[in-house]
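Only one structure is covered here, and it is reproduced in the block below.
Derivation of every value follows stated rules applied to the coordinates shown; laboratory data play no part. A quick note: this is a predicted structure, and the numbers were derived from the prediction, not measured. Every residue, glycine as well, gets a Cβ built from its backbone with ideal geometry; the counts of neighbours run over all protein chains shown.
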Amino acid sequence: MTILQDAQLILPPAFIWQALAAVPDKTIPPHWVDWLSDRGSLTQRLIEASANRFTVEVLDQVETMPTESEAQALNIDCDTPVYSRQVLLLGNGEPWVFARSIMPLSTLTGRLEFLRDINSQPLGALLFKDPSMTRAPVEAAFLPTERAHLPDSLSHIKGPLWGRRSVFRLDQKPLLVSEIFLPEFKPYNQYPSLGFST
């Protein structure tokens, strides 16, 4: 039996967003605990893991409505207009992370209006440079692909996939950033959806 087959035997069942601190011990493989719980900038870690061969590919930036889960995280109604930004974070030319950011339109006022037009700049880098930034506790998930809101270009991916999300606040205004780790994410030569060394 291969290592991959062995690892698949002990995968946890898929679970939807919940506080990382509330996830039972040993549910998340040790490698993933490190990536999911890191309170620093994921952008910076990916830059380091890719030896500075990191890029952002913007998929779309549109006004829409949040999902029920996103509205709950942001403490807003499901019919509250939001600005959705979806990007791929690429390391060494490979799609490592799908990131979906949800910003209530009320957040994008005053000096924060610039968040509408950051294009291929990494949002994470901007958040962590802002002196007003605060961050709520991290939530984690082991998501079936249909709950990960992957774009059509990633519809071939089979899940579940590890992800994390946090509500950030700039000038006390909230935005939700969700980061889903994709199968090509192998900075340390590890099985991407499992977290076990080869």
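Put the Cα centre of region 147-162 next to the Cα centre of region 114-143 and the gap is 21 Å. Summary value for the chain: 25 percent relative contact order, contacts being C-alpha pairs under 8 angstrom separated by 6+ residues.
Determine the equivalent ellipsoid of the chain by diagonalising the alpha-carbon gyration tensor, then write out the semi-axes as square roots of 5 times the eigenvalues, largest first, rounded to whole Å. Could you put the intermediate results ahead of the total?
Details: eigenvalues 155, 68, 50 Å².
After diagonalising the Cα gyration tensor, the semi-axes are 28, 18, 16 Å.
Using a Gaussian network model of the chain whose springs link C-alpha atoms within less than 10 Å, name the residue from Ser132, Ser120, Ser166 with the highest mean-square fluctuation. Of the options given, Ser132 has the highest mean-square fluctuation.
Think of region 39-198 as a dipole: +1 on every Lys or Arg Cβ, -1 on every Asp or Glu Cβ, centred on the Cα centre; then among Ala136, Asn75, Val177, Ala136 lies furthest on the positive end. Going from the residue with the fewest nearby Cβ atoms within 10 Å to the one with the most, Val87, Val138 rank Val138, Val87. Summing Cβ point charges (Lys, Arg +1; Asp, Glu -1) relative to the Cα centre of the chain gives a dipole of roughly 420 debye. Taking other Cβ atoms within 10 Å as a rough exposure proxy, Phe15, Phe168 sort from fewest to most as Phe15, Phe168. Going from the fewest other Cβ atoms within 10 Å to the most, the residues Ser153, Ser101 appear in the order Ser153, Ser101.
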